[in-house]
Amino acid sequence: MDFAEVSNTAMVMAAVVYLFAAIAHAGEWSAAQGLDQRERRTSPARELVGAGGPGVVEHPDAADPKVERAWLRVEKLGRSGVALTVVAFAVHAVAVVTRGLAADRFPWGNMYEFVSTSLLFVVAVHLVLVLRAGQRWLGLLTTMLATVGLGLAVTVFYVDVAPLVPSLHSTWFLFHIVAAAVSGAAFNVGALASILYLVKARAERRGEVRGYLARLPSAKAIDLLAYRAHAFAFPLWTFTIAAGAIWAQYAWGRFWGWDPKETMSLVTWVLYAVYLHARATAGWRGTGAAVIALVGVVAYWFNFIGINLLVSGLHSYAGI
Amino acid sequence: MSRDTAAPVDRTDTTDAVEADAVGGISAPQQGDPAPTGARALRPVEWLRWLWTNLTSMRTALALLLLLAIAAVPGALLPQRPTQPFEVSSWIEQNPTLGRFYDSIGFFDVYSAPWFAAIYLLLFISLIGCIVPRTRVYLRALRARPPRTPRNLGRLPAAATATADEAVADVLERARVELRRQRFRVDVREDSVAAERGYLREAGNLVFHLSLVVLLVGLAWGALAGYRANVVVPVGQGFANTITSYDDITSGGRFDPESLAPFALTVDRFTAEFETGPVQQGAARVFEADLTVTEEPGAAPYPFRLEVNKPLAVGGTDVHLIQHGYAPRVTVTDGDGNTSFSGVVPFLPQDGNFTSAGAIKAWDSRPEQLAFQGFFLPTAVVDEQGPRSVFPDAFEPQLFLNAWYGPPREENGVPENVYSLDVTGLTQITSADGDPFRIRLEPGQTVELPDGRGSITMDGWERWVKLQISRTPGLGLTLGAVVAAVTGLCLSLFVRPRRIWVRARREDGRTLVEVGGLDRADARTGLDEQVDELAGTLGTREDEASRQAQGAGRGTTGDESSPRRAEEHDGGRDDGGERD
Ligand code: HEM
């Protein structure tokens, strides 16, 4: 097998393992259905440390062995979800690296390579959260995104290994595309967190924080994570657009030409500026800002997939 | 915006304060607001002020930004006249009703439509109205002392206490030194120390917003004083940079045609290579044009290799390689037996395989004029679809033409399209059976026209390159604004303002030290740690557990995730507090 075949096989395998990870995480969520967080705290040490958190135990002996077993199952499913994600991530990384080796260049020369690399970054962020901060709750959405994204990549966007067209031979293109992949990954993580924020904030407002939702951090903490992801991504996205403009100046002699791709990048940028403003505006922060963050990520994906497939432009990526 | 609110503010309120400050501290006379004007109608000045206050409010900025994003979308989805005029026409042809409606509201030229301009101009007015008062407030805050020490440090989001043996003044001195070391701005009062840092956040924010204004100025300047022109140059020929030698030009209102850089160049060679392998067959791999450049009359010529990403820069003017194509080299002999045309004729590529269309006009032919129109195919095949090219490189070049003749006419000076033939007044040459006479030529071949009207020879073929000559003044300003914007943005998003206060007092023969801290923005961690650490440096910390209990009572920083605790259910690790 040459590198290209290794890469193709690994990419499909990674998608499948992500699917299993998503199933495990979905099991984790559904196993927690109907369980009340309050009933599982048994260790007396918890009482002190846990003070102030949601649904804290007051009576250690309230624990019922059946409930305890149910929580253990949730825990097991969650852990296997993480383990599967780690496996999928490793296979995914192999797929991306061998793709680069096969093409003898960085693996982001077309839509297929861009999606697979970008998703690798998304999963990496999630795993950092799991391993460094013990935050597993993004697992379900992340693995779902990775499954769907890689699935689309190998079925719809796939192209064989090939060299770059001349207009892509540029250092600025390299900056442009790496920044786009990394900031895209962070926007996606931010969007996933925003979804969970909306769900959790709604439950908190109604006072119905039950099942897996009770295990999520408070809506405020999720919001903070979403904000951090966006705050990291936004300057990088600004840089992405600037680097793209500089590259366009070299390649086409105009740094901005209202090409559909350029336009949608700007629209995405403006939407995220709206998000940052919304967070500082009474009546918009919280739910309003989270919704705008989701509109932003839809614009990002539309720019990436919709524009490539529906509208023709100068970008050589257009039409896969 | 002011950071000078002295009292500790709840975190969610800081941003409210920000918003109020952002409008310059003037509160708008809103409904139900017992404004000094009472019930009487607003005077024009007040009305203007009300308008201004609202225009420069954060909420308006938000709405305008959102509007801008929405307004830009049609331009991404519909073809736009400046870049794709033909697509626009065919779009309107296919959807006449909707097309005409879209056209009337400017959807086919969104970015020069008045409503689009209105949105961004309002946004930038709002922006300026926002920056000016905020800069004033910021400069005042820079000169101000760190805020007064709150009475009860224990009620701040983070607080800690410790005891020390030294005198109050010594403890405060040590606190000052320590906080200075941590790059706080420190102010020592009689029984306390107040410290603040993170002033750069607001500075970064102001720089960012200001650079957006500068960016717009740079763009406007470039659009007004710049120009962009195209010229097609066959390989082996030259080009002198004068306005008359351009094929087309677009320029801004302040463009001065006298100011063109006086350079000249010849295209000595052009190399194009295409993918011949099975993957992405026909995709471009190499484009290179070898030029000889003379920067000004009399200067020494030098060679330059022009590539797609490597433009030539001469005296502030850029030369880009933007397209290439084929030009058959032909010789036309007229009915009198004289050579009436000989040379290369650029044909225009129609598809990715360079099926190229063009016209050969031998107006000097006598007794009748001759003209030809048809296709040049670099790799020709003829099948049931008719003649077409199957590869962009010239592996099997052929020329397919039809011919016309007509009476000689006067040159009337009206410019004509060089790539197509206007056949009015001409008669198509037909063969004996009445069908149009079809010419198919390979390099070196000659075809005689029927009835002794003359002949045409394909001598060979050449490539041509399309060069874009452009000058964009203000490019440096624009680029500088972008760099400043990104820098300011990073400061604004990553610098986190923080305030810390230390108070010490003598009690029962010991010095009781209280430390309190407050973050002025979201997404900052480590406040508790810093406050605890500082208390530990200044004295002996009090019992950990009692602090925890206090912390729970305050409940402001304690929302660490429960999954983390769940993990510990098995691992039994200790809670490490907030982590990044
Ligand atoms: C061209 C339009 C504008 C763009 C692209 C833009 C973009 C941004 C961005 C990206 C931020 C986030 C940086 C940060 O949090 O410090 C921000 C913050 C801010 N903007 Fe704008 N802005 C625009 C116009 C305005 C206008 C017109 C106002 C005046 C009302 C304004 C007031 C603010 C304020 C007060 C903040 C700070 C919010 C905070 O402290 O969190 N902006 N802006």
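The values are calculated or read from the model by the stated rules, or taken from the named source; none is laboratory data. Just so it is clear, the structure is predicted and the values come from calculations on it, not from any experiment. With ideal geometry, Cβ positions are generated from the backbone for all residues, glycine too; neighbour counts draw on all protein chains shown.
Here are the criteria: (1) surrounded by fewer than 21 Cβ atoms within 10 Å (Cβ to Cβ); (2) within 12 Å of chain B (Cβ to nearest Cβ). Tell me which single one A:Arg206 does not satisfy.
For A:Arg206, the failing item is (2).
Tell me, yes or no, whether region A:206-217 has at least one residue that is in contact (Cβ under 8 Å) with a residue 24 or more places away in the chain and either under 30 Å from A:Ala251 (Cα atoms) or under 14 Å from the mean Cα position of the chain (by Cα) (or both).
No - not one qualifying residue is present in region A:206-217.
Could you please find all residues in region A:107-164 being of a type in the set (S, T, N, Q) and closer than 19 Å to A:Ala24 by Cα?
A:Gln135, A:Thr142, A:Thr143, A:Thr147
Name the residues in region A:136-183 that are within 14 Å of chain B (Cβ to nearest Cβ), more than 30 Å from A:Ala242 (Cβ to Cβ) and either without any contact (Cβ under 8 Å) to a residue 40 or more places away in the chain or among the acidic types (Asp, Glu) (or both), would you?
Correct list: A:Asp160 only.
Where in region B:410-513 are there strands (runs of 3 or more DSSP E), lying fully within it, with 1 or more residues that are out of contact with any helix residue (DSSP H, G or I) (no Cβ under 8 Å at 6 or more places or on another chain), under 30 Å from B:Ala229 (Cβ atoms) and within 11 Å of chain A (Cβ to nearest Cβ)?
Per the criteria, B:455-471.
So, in region B:216-247, of the ones that are assigned to a helix (DSSP H, G or I) and buried (at least 19 other Cβ atoms within 10 Å of the Cβ), which residue ends up farthest from the ligand (Cβ to nearest atom)? Give the steps one after another, and end with the answer.
If we filter region B:216-247 for residues that are assigned to a helix (DSSP H, G or I), which is where we start, we get B:216-225, B:243-245.
Filter again for buried (at least 19 other Cβ atoms within 10 Å of the Cβ), leaving B:218, B:222.
On the way: B:Gly218: 14, B:Gly222: 18 Å.
The selected residue is B:Gly222.
Output the number of the condition that B:Ala283 fails; it satisfies all remaining conditions of (1) surrounded by fewer than 19 Cβ atoms within 10 Å (Cβ to Cβ); (2) away from chain A (no Cβ under 14 Å); (3) among the small types (Gly, Ala, Ser); (4) within 27 Å of B:Tyr419 (Cα to Cα).
B:Ala283 satisfies every listed condition except (2).
Could you figure out which of (1) within 7 Å of chain B (Cβ to nearest Cβ); (2) in contact (Cβ under 8 Å) with a residue 24 or more places away in the chain isn't true of A:Val270?
The failed condition is (2).
Among the candidates B:Ile125, B:Ile119, B:Ile131, which residue alone is in a helix (DSSP H, G or I), within 14 Å of another protein chain (Cβ to nearest Cβ) and within 16 Å of the ligand (Cβ to nearest atom)? Can you show your working first?
Numbers: B:Ile125 fails: within 14 Å of another protein chain (Cβ to nearest Cβ); B:Ile131 fails: within 14 Å of another protein chain (Cβ to nearest Cβ).
B:Ile119 is the lone residue from the list that is in a helix (DSSP H, G or I), within 14 Å of another protein chain (Cβ to nearest Cβ) and within 16 Å of the ligand (Cβ to nearest atom).
Looking at region B:239-252, is at least one residue in contact with a helix residue (DSSP H, G or I) (Cβ under 6 Å, 6 or more places away or on another chain) and among the aliphatic types (A, V, I, L, M)?
Within region B:239-252, one or more residues are in contact with a helix residue (DSSP H, G or I) (Cβ under 6 Å, 6 or more places away or on another chain) and among the aliphatic types (A, V, I, L, M).
Quick one: count up the residues across region B:189-213 that are away from chain A (no Cβ under 14 Å) and within 13 Å of the ligand (Cβ to nearest atom).
6
Results for (1) of a type in the set (D, E, K, R); (2) surrounded by fewer than 23 Cβ atoms within 10 Å (Cβ to Cβ); (3) at pLDDT 90 or above; (4) over 30 Å from B:Ala484 (Cβ atoms), shown as yes or no for each residue.
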{"position": "A:Pro163", "(1), (2), (3), (4)": "no, yes, no, yes"}
{"position": "A:Ile177", "(1), (2), (3), (4)": "no, no, no, no"}
{"position": "A:Val182", "(1), (2), (3), (4)": "no, yes, yes, no"}
{"position": "A:Arg202", "(1), (2), (3), (4)": "yes, yes, yes, yes"}
{"position": "A:Ser218", "(1), (2), (3), (4)": "no, yes, no, yes"}
{"position": "A:Ala242", "(1), (2), (3), (4)": "no, yes, yes, no"}
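Can you tell which of A:Val74, A:Val97, A:Val148 is farther than 28 Å from A:Lys261 by Cα and assigned to a helix (DSSP H, G or I)?
After applying the criteria, what remains is A:Val74.
Of everything in region A:277-302, what is within 15 Å of the ligand (Cβ to nearest atom), modelled with pLDDT of 90 or more and under 17 Å from A:Ala221 (Cα atoms)? Give them in sequence order.
A:Gly288, A:Ala289, A:Ala293 - these are the residues of region A:277-302 that are within 15 Å of the ligand (Cβ to nearest atom), modelled with pLDDT of 90 or more and under 17 Å from A:Ala221 (Cα atoms).
Would you mind telling me which numbered condition in (1) in contact (Cβ under 8 Å) with a residue 24 or more places away in the chain; (2) surrounded by 23 or more Cβ atoms within 10 Å (Cβ to Cβ); (3) within 25 Å of B:Ser389 (Cβ to Cβ); (4) away from chain A (no Cβ under 14 Å) B:Leu321 fails?
(4)
Does region A:252-269 include one or more residues that are among the charged types (D, E, K, R), at pLDDT below 90, within 16 Å of the ligand (Cβ to nearest atom) and in a loop (DSSP other than H, G, I, E, B)?
Taking every residue of region A:252-269 in turn, none turns out to be among the charged types (D, E, K, R), at pLDDT below 90, within 16 Å of the ligand (Cβ to nearest atom) and in a loop (DSSP other than H, G, I, E, B).
Here is a yes/no grid of residues against (1) within 23 Å of B:Thr250 (Cβ to Cβ); (2) more than 16 Å from the ligand (Cβ to nearest atom); (3) more than 10 Å from chain A (Cβ to nearest Cβ):
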| site | (1), (2), (3) |
| --- | --- |
| B:Ala61 | no, no, no |
| B:Leu64 | no, no, no |
| B:Pro79 | yes, yes, no |
| B:Thr83 | yes, yes, no |
| B:Phe86 | yes, yes, yes |
| B:Pro96 | no, yes, yes |
| B:Arg100 | no, yes, yes |
| B:Pro114 | yes, yes, yes |
